[in-house]
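The values are calculated or read from the model by the stated rules, or taken from the named source; none is laboratory data. Just so it is clear, the structure is predicted and the values come from calculations on it, not from any experiment. Glycine also receives a Cβ, built like all others from the backbone with ideal geometry; neighbour counts cover every protein chain displayed.
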Amino acid sequence: MWDKEYVWHPFTQMKTYRREKPLIIERGEGSYLYDVEGNKYLDGYSSLWVNVHGHNHPELNEALIQQAGKIAHSTLLGAANVPSILLAKKLVEITPKGLTKVFYSDSGSTSVEIALKMAYQYWQLKDPIRYAGKKNKFISLREAYHGDTIGSVSVGGMETFHHIFKPLLFERLEAPAPYTYRLTENNDAEACKMLCLKALDTMLREHHEEIAGLIIEPLVQGAAGMITAPDGFLRGVRELCTRYNVLMIADEVAVGFGRTGTLFACEQENVEPDFLCVAKGLTAGYLPLAATLVREEIYEAFLGEPEELRTFFHGHTYTGNQLACAVALKNIELIEREKLIDSLVAKIECLAQNLEKFHTLPHVGDVRQRGMMVGIELVQDKDSKKTFPMHMQVEHNVILHARQNGAIIRPLGPVIVLMPILSMSLEELEQLTDITYEAIKTVTAQAY
Ligand code: PLP
């Protein structure tokens with residue numbers, strides 16, 4: 001099998017991967033994926049959290065074909081192109097107030113990398129004497145995931161993924177994650193919020209002179225296992241950043257474009273970040289494209305004559321790619337025209353109702369939902385909240401069981417994640433949760 005012979009898969013232990021029959025996807029249609037043998041699966045993870053309107057969408061296809069008929073790519077170095085201009089204008093219009101400029105890249109990781117570099121350079125440009133040797137660190141949350149480049153790993157807080165690279169990374173301060181299930185006795189969201197904000201306040205009071213910025217995944221820490229923040233937490237973080245003169249970077253790579261029930265998660269708490277990182281849903285799952293939006297004041301700090309060296313020396317070959325920008329524009333047009341955000345209300349409610357029965361399962365410790373993002377945390381024992389030992393591969397077996405029954409979902413550690421395509425019908429959402437329920441019930445019952 002050439003897949004096993006030639007391909008090294010991301011985040012994958014290839015030794016175990018090669019023991020199993022690979023799942024080779026050949027095509028997609030609406031909410032479904034089809035493998036090379038013709039088997040059909042509900043796409044319960046939106047093909048890694050990117051798909052918005054379903055696979056093989058005629059209008060997105062057409063946007064791509066139309067653009068390809070003109071040109072596929074031309075550089076933004078010393079030149080502009082029409083789709084990237086139109087998209088930048090549109091992004092400024094639809095994102096939280098105060099963000100006025102768009103810097104393109106091609107993955108969530110690079111959009112974060114750009115925000116970090118810009119935040120650091122901003123302070124140095126603003127007042128090189130006052131900030132000499134200062135404002136050169138970042139705060140991020142425990143269990144944070146912001147990507148895989150060295151900069152984005154530096155602000156990562158996931159021990160499993162990040163510890164090996166520590167000697168290569170810049171310094172970061174770690175604030176507690178609002179992980180209500182694990183931080184409090186009885187899932188007390190308010191207590192969790194107060195605890196985390198107080199710790200952050202203390203950290204900022206002591207260290208704000210060293211801190212260039214704070215990076216956060218608004219409302220939901222996705223890769224950490226769908227840690228849903230208590231109401232008001234994000235707002236509280238914004239207020240602390242303002243009070244201590246620290247830039248706030250909102251990483252909406254996972255939560256942007258409707259995932260949490262509003263177009264952007266920051267909207268839910270009226271938060272205006274200094275930087276906004278978007279990727280994944282930006283092209284509705286069609287092409288790699290990302291954007292870092294910034295406030296005018298940040299952009300202006302970089303203005304000067306060439307010899308002043310205030311330029312932001314950063315860029316990628318495919319920055320502002322025309323095919324990707326054209327499909328992103330069509331994605332946003334569809335979101336608006338089809339009133340996608342309004343349509344989510346019933347879907348989110350349907351998911352919530354279908355998730356209720358999971359609480360009764362003996363090995364489900366916590367069920368978390370924010371919009372169309374769901375995390376079902378498995379435990380060996382509900383009282384101690386102890387998770388299943390890794391070698392038992394319980395979560396992996398849940399995923400295999402679901403696959404045999406027609407749905408593709410993914411685990412994140414002990415958490416089974418559902419990230420349905422936003423255009424899924426109520427019937428498909430019900431089917432997805434039913435398959436997941438059966439998989440968890442069956443596999444955990446045998447896990448001894
Ligand atoms: N930031 C967040 C919040 C993410 O969830 C991810 C990916 O899952 C990234 C950044 C990195 O994005 P990419 O995989 O496109 O580099």
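Is at least one residue of the range 35-43 surrounded by fewer than 13 Cβ atoms within 10 Å (Cβ to Cβ), in the same structural domain as Leu293 (by TED's automatic domain parsing) and without any contact (Cβ under 8 Å) to a residue 60 or more places away in the chain? Checking the range 35-43: not a single residue is surrounded by fewer than 13 Cβ atoms within 10 Å (Cβ to Cβ), in the same structural domain as Leu293 (by TED's automatic domain parsing) and without any contact (Cβ under 8 Å) to a residue 60 or more places away in the chain. The helices (runs of 4 or more DSSP H) found entirely in the range 285-380 that carry 3 or more residues being away from the ligand (no atom under 16 Å from the Cβ) and under 22 Å from the mean Cα position of the chain (by Cα) are 322-337, 340-355.
Every residue, every condition in (1) buried (at least 22 other Cβ atoms within 10 Å of the Cβ); (2) more than 25 Å from Pro218 (Cβ to Cβ), yes or no:
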position	(1), (2)
Ala352	no, no
Leu355	no, no
Val364	no, yes
Val367	no, no
Ile376	yes, no
Ser384	no, yes
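Here Asn186 does not fit the description of being exposed (fewer than 14 other Cβ atoms within 10 Å of the Cβ), closer than 24 Å to Leu293 by Cα and over 19 Å from the mean Cα position of the chain (by Cα).
In summary, Tyr122 fulfils each of the numbered conditions (1) at negative phi; (2) surrounded by fewer than 24 Cβ atoms within 10 Å (Cβ to Cβ); (3) at pLDDT 95 or above with the single exception of condition (2). Among the residues of the range 171-179, are any closer than 30 Å to Tyr286 by Cβ and within 16 Å of the ligand (Cβ to nearest atom)? Within the range 171-179, not a single residue is closer than 30 Å to Tyr286 by Cβ and within 16 Å of the ligand (Cβ to nearest atom).
Since Leu48 meets every condition but one in (1) over 23 Å from Thr292 (Cα atoms); (2) aliphatic (A, V, I, L, M); (3) within 16 Å of the ligand (Cβ to nearest atom), which condition does it not meet? With respect to (1) over 23 Å from Thr292 (Cα atoms); (2) aliphatic (A, V, I, L, M); (3) within 16 Å of the ligand (Cβ to nearest atom), Leu48 is out only on (1).
Quickly run through the range 103-140 and pick out the residues that are among the hydrophobic types (A, V, I, L, M, F, W, C), within 11 Å of the ligand (Cβ to nearest atom) and either in a strand (DSSP E or B) or under 17 Å from Met158 (Cα atoms) (or both). Listed by number, the list holds a single entry, Val112.
When Pro288, Pro218, Pro230 are checked against the criterion of being in contact with a Lys or Arg (Cβ under 7 Å, 6 or more places away or on another chain) and not aliphatic (A, V, I, L, M), Pro230 stands alone in meeting it. Residues in the range 235-284 that are small (Gly, Ala, Ser) and not in a helix (DSSP H, G or I): Ala250, Ala254, Gly256, Gly258, Gly261, Ala279, Ala284. Identify the single condition in (1) over 23 Å from the mean Cα position of the chain (by Cα); (2) surrounded by fewer than 20 Cβ atoms within 10 Å (Cβ to Cβ); (3) under 22 Å from Arg295 (Cβ atoms) that Leu204 does not satisfy, given that it satisfies every other one. Just one mismatch for Leu204, condition (2). Only one of the numbered conditions (1) surrounded by fewer than 21 Cβ atoms within 10 Å (Cβ to Cβ); (2) modelled with pLDDT of 95 or more; (3) under 22 Å from the mean Cα position of the chain (by Cα); (4) of a type in the set (Asp, Glu) is violated by Glu143, and that is (1). The residues listed here are Gly78, Gly98; of these, the one that is in the same structural domain as Gly157 (by TED's automatic domain parsing), modelled with pLDDT under 95 and of a type outside the set (Lys, Arg) is Gly78. Each residue in the range 171-208 was checked for being outside any helix (DSSP H, G or I) and acidic (Asp, Glu), and 4 of them qualify.
Beta carbons closer than 8 Å, at least 6 apart along the sequence or on distinct chains, pair a first residue in the range 104-128 that is assigned by TED's automatic domain parsing to the domain that holds Leu247 with a second that is among the acidic types (Asp, Glu) and assigned to a helix (DSSP H, G or I) for Ser105/Glu113. Listed by first and then second residue, the pairs linking a residue in the range 14-27 that is under 24 Å from Gly38 (Cβ atoms) and β-branched (Val, Ile, Thr) to a residue that is at pLDDT 95 or above and in a loop (DSSP other than H, G, I, E, B), with Cβ atoms under 7 Å apart and 6 or more places separating them unless they lie on different chains, are Ile24/Val36. Consider the range 214-267 and keep the residues that are buried (at least 23 other Cβ atoms within 10 Å of the Cβ) and of a type in the set (Ser, Thr, Tyr). The one that is nearest to the ligand (Cβ to nearest atom) is Thr260.
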